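This report concerns only the one structure given below.
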Amino acid sequence: LAGRVTEARAVFRPLAAVWRVHGALPEAWDVLAGRAVGFAKDSPLRPELAESAYALAVATGDGVYAAHAASMLDAIEDRHRVKCGYAALADVAESHLDDRMDSFFLSETASYLFLTFDSQLRRRAVDASGPDEARQALMLAGRDRTGRGSLGSLFSGARGGPAAGSAL
């Protein structure tokens, strides 16, 4: 953020609004038409919005960013969860799943969501200048007794619902 919290909030709001409508961010968004650009309507679950929610939550202490991260987590569990992991969307408007899960989803997107809800890990990761420490905890904490985990099991008990009266 480099101290530019006001500007970061202003950029975050419209991106969060697109996420609320589609439960994902397309690769390119036509602001004037209010829709995904035809050649870039897929959503590979990039980390930038989760990272922004995390950074703004840390910088401001405002629960609205944790609430948005919670809605991201819910959408990911509802729309992207498949038998073997999490799939990208081939088309955000039609919720058509793609046959891929990019590596940055687990290494970055999930890490930032996890850090948003875990204040102790958040402090250590901020001290280490990134979510690297959290990645180890993420791999261990997300496992159930069968060795298979989900983001939902990873975050159970770590996140609360949206803060009362908060809105983006």
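Tabulated data for the structure shown
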item: Sequence of MET101, MET72 from largest to smallest accessible area, 1.4 Å probe; result: MET101, MET72
item: Theoretical FRET efficiency, 1/(1+(r/R0)^6), r = Cβ-Cβ of GLU77 and ALA40, R0 35 Å, to 0.05; result: 0.90
item: Cβ-derived FRET efficiency at R0 25 Å, ASP62 paired with GLU27, nearest 0.05; result: 0.35
item: Computed lengthening from ASP98 to ARG13, 0.36 nm per intervening residue step minus Cα-Cα distance; result: 27.9 nm
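The values are calculated or read from the model by the stated rules, or taken from the named source; none is laboratory data. Keep in mind it's a predicted model, so treat the numbers as computed, not measured. Positions of Cβ are backbone-derived with ideal geometry, glycine not excepted, and every protein chain shown enters the neighbour counts. For accessibility, only protein heavy atoms count, side chains too; no ligands or nucleic acids. Shrake-Rupley method; radii C 1.70, N 1.55, O 1.52, S 1.80 Å.
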